[in-house]
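Right, one structure below, let's go through it.
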Amino acid sequence: MDYGALALIPPLVVIVLAIILRTSFEPLLIGCMVGFVIIGLHDHSNVFSDFVRSLMAVIGDPSPGGSVWVILVCGLYGSLIGLMVRSGGTLKFGEWALKYITTQRGALMGTWVLGLLIFLDDYLSALTVGLSMRKITDAFKIPREKLAYIVNTTAPPWCVIAPISTWTIFIGSLLEKSHVAATGNGLPTYWKMIPFVAYGYVSVLVIPLFIYGILPWFGRMKKATIRAEITGQLTDPGFVSVSSLDITAMNPDKDSKVIYFLLPIIVLLAATVYFDIDALKGVMVAVTFTFIYYQFIKLGTFRQLSETVFGGFNSMVFALAILMMSYVLKDVNDKMGLTQYILHAASPYLNKQLLPLIVFVSLSLIAVTTGSSWGLYAVAIPLVVPLAQHFNSNVLLNCGAVISAGVFGANACLYSDATILTGQSTECNNLDHGLSQLPFAFISFGVSCIVYVIMGYTVA
């Protein structure tokens, strides 16, 4: 609270520089340094030492959902994707799907449906759906921005609506810690909260309205569509992929089969479920199985498979660098009390009926400026629960507003993990993706605000 409105400066610097420079890592680095300069001047501390300590603490965070977990999960997803691509299975899946998908609308709806089917984890959804549908949407001259929009807007929102996912389990544990749910009853309590996650429903259900032309594409998305149709350029002409993933077949003499793609995905989903929706254990099992399976059927040599595992992991390094720097920015925001400042600034306008709306709007601002969803939940839920109880407002409704805010941030923030990983899987510049998607996220945001006003006066 000591920093007041100064807490807004670092995230604003990041957003402005990202738009000007059309890149992500450098604005995040500069924004973090600006934050540490403010902290250093305020606390008379060494700016560089503060930055190094924060960076080390962030990268070394071993907690579930922390940086070590994220690095391992994303890197191993990259390894699994690399194996599937070099097996030829991914290419064959695209060829097989094209036999049944004959229109642009069908390709977009196929992307949406596949995103709904892969609901266990948003990272898994963003990377798998983007990778598997890229060839199919390319065949119909669909711009990558449109593909990325559907992939991103399906992944996190659907994970908070699905009865079981990495998100629901994590939030269920927070409900237990905040005494909203009894010990061991976090997930069933979350299920009661699902009807109140308005943004999740709105953002997912609005996608078919655009696909079927009920709502028109506009802004950057429309320009991207025109560019793809006229010039055939599916990405911005200035986009250069930073992925180092080798996509050549390990054994070009062996015929590709769809099963080479589907079986690793099935094992990944099954292992993730078996280990109580543990994405890390699930992907470890999947990579191990896929390595042994491809070796057994002679899709590649032991050395080729090993190099592909490391190459796939390495292909995620740039995305992970951006993610780690976004976590440092969150650390800066936490040190400066951004969440507490915004909630305190909104407190004069609080009452029982408007509390869900104000919680949603104020925390959405935090989520968009920090790029953090799970971190926001960990900080905000313990603050919002007593606030709702004080105003005698429905606690689950207000917690649902918190969840909606985090998901909106995942979609609307230009440097959120969802935006970065979606850009990676669809091979679309994450800034082009983020800016083209932003107006559509705000449409869902606006509708969700109306829903929370109605809920505030009916169920709060």
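The values are calculated or read from the model by the stated rules, or taken from the named source; none is laboratory data. This one's a predicted model, so the numbers in the text were calculated from it and none came from an experiment. So basically every Cβ, Gly included, is an ideal-geometry build from the backbone, and we count neighbours across all protein chains shown. What goes into the accessible areas is simple: the full protein's heavy atoms, side chains included, and nothing from ligands, DNA or RNA. Shrake-Rupley method; radii C 1.70, N 1.55, O 1.52, S 1.80 Å.
Once you have a ≥ b ≥ c as the square roots of the Cα gyration tensor eigenvalues for the stretch 384-438, tell me rounded if a/c is under 1.5, and otherwise prolate or oblate according to whether a/b is larger than b/c. Prolate shape, in that a/c is at least 1.5 and a/b is the bigger ratio.
For the stretch 52-174, what does the alpha-carbon gyration tensor say about shape, rounded, prolate or oblate, given a ≥ b ≥ c as the root eigenvalues, a/c under 1.5 as rounded, and a/b over b/c as prolate? The shape class here is prolate. Dipole of the stretch 305-428 computed with +1 at Lys/Arg Cβ and -1 at Asp/Glu Cβ about the Cα centre; of Ala418, Leu354, Gly406, farthest Cα towards the positive end is Leu354. Ordering 430-442, 249-261, 167-179 by mean Cβ neighbour count within 10 Å, with the highest value first, yields 430-442, 167-179, 249-261. Estimated translational diffusion coefficient (Stokes-Einstein, Kirkwood radius over Cα pairs, 10 °C, 1.306 mPa s) of the stretch 350-460: 112 µm² per second. Each label was represented as a point 7 Å from its Cα along the Cα-to-Cβ direction; for Ala139 and His344 these points are 5.8 nm apart. Length gained on full extension, Ala5 to His390: 136.0 nm, using 0.36 nm per residue less the C-alpha separation.
With the convex hull drawn over the C-alpha atoms of the stretch 319-393, the volume per residue is 77 Å³.
Taking only alpha carbon atoms, the stretch 104-232 gives an Rg to Rh ratio of 1.08, where Rh is the Kirkwood radius. Put the Cα centre of the stretch 12-63 next to the Cα centre of the stretch 396-434 and the gap is 20 Å.
Pull out a ≥ b ≥ c, the square roots of the eigenvalues of the alpha-carbon gyration tensor of the stretch 270-315, then state rounded if a/c is under 1.5, prolate if not and a/b is larger than b/c, and oblate in the remaining case. Verdict is oblate for the stretch 270-315.
On the principal axes of its alpha-carbon atoms, the stretch 155-314 has extents of 57, 46, 26 Å, going from largest to smallest.
For the chain, the Cα gyration tensor yields ellipsoid semi-axes of 35, 25, 23 Å (square root of five times each eigenvalue, largest first, whole Å). The rule of thumb for compact globular proteins, 2.2 N^0.38 Å, goes into the C-alpha radius of gyration of the stretch 227-354 1.63 times.
Computed from Cα positions, the angle between helix 89-98 and the longest principal axis of the chain comes to roughly 90 degrees. I need the calculated FRET efficiency for the pair Leu12 and Arg303, taking r as the beta carbon distance and R₀ as 35 Å, to the nearest 0.05. Computed FRET efficiency for Leu12 and Arg303: 0.10. Our note on the geometry: Cα centres of the stretch 297-356 and the stretch 92-137, 24 Å apart. Share of carbon and sulfur in the accessible area of the stretch 206-337 stands at 65%, probe radius 1.4 Å. Solvent-accessible area per residue in the chain equals 40 Å², computed with a 1.4 angstrom probe and all protein chains kept. Entry note, the chain: relative contact order of 25 percent, from Cα contacts under 8 Å with a spacing of 6+ residues. The Rg/Rh ratio of the stretch 299-348, with both radii computed over alpha carbons and Rh defined as the Kirkwood radius, is 1.45.
Each peptide among 205-217, 345-357 gets the average number of other Cβ atoms lying within 10 Å of its residues, and from highest to lowest they stand as 345-357, 205-217.
Across the accessible surface of the stretch 132-192, with the other protein chains kept in place and a 1.4 Å probe, carbon and sulfur atoms take up 60 percent. Computed extension gain for His44 through Lys254, at 0.36 nm per residue and net of the alpha carbon distance, reaches 69.1 nm. For the chain, the 222 nm mean residue ellipticity estimated from helices alone, with every DSSP H stretch of n ≥ 4 adding -39500 (n - 2.57) and the total spread over all residues, rounds to -24000 deg cm²/dmol. Among 273-280, 86-93, 155-162, the peptide with the highest mean count of other Cβ atoms within 10 Å heads the list, and the full ranking is 155-162, 86-93, 273-280. Length available on full extension from Ile30 to Trp96: 0.36 nm per residue minus the Cα-Cα distance, which gives 19.2 nm. Between Thr23 and Val68, the modelled labels are 3.2 nm apart [label points 7 Å from Cα along Cα→Cβ]. Each listed q (0.12, 0.17, 0.23, 0.26 Å⁻¹) maps to a log10 I(q)/I(0) for the stretch 107-181, found by the Debye formula over equal Cα scatterers with no solvent: -0.37, -0.61, -0.90, -1.07.
Ranking Gly106, Ile207, Gln295 by Cα position along the charge dipole of the chain, where only Lys, Arg, Asp and Glu carry charges on their C-beta atoms, puts Gly106 farthest toward the positive end.
In a reduced charge model with +1 at each Lys and Arg Cβ and -1 at each Asp and Glu Cβ, the chain shows a dipole moment near 980 debye about its Cα centre.
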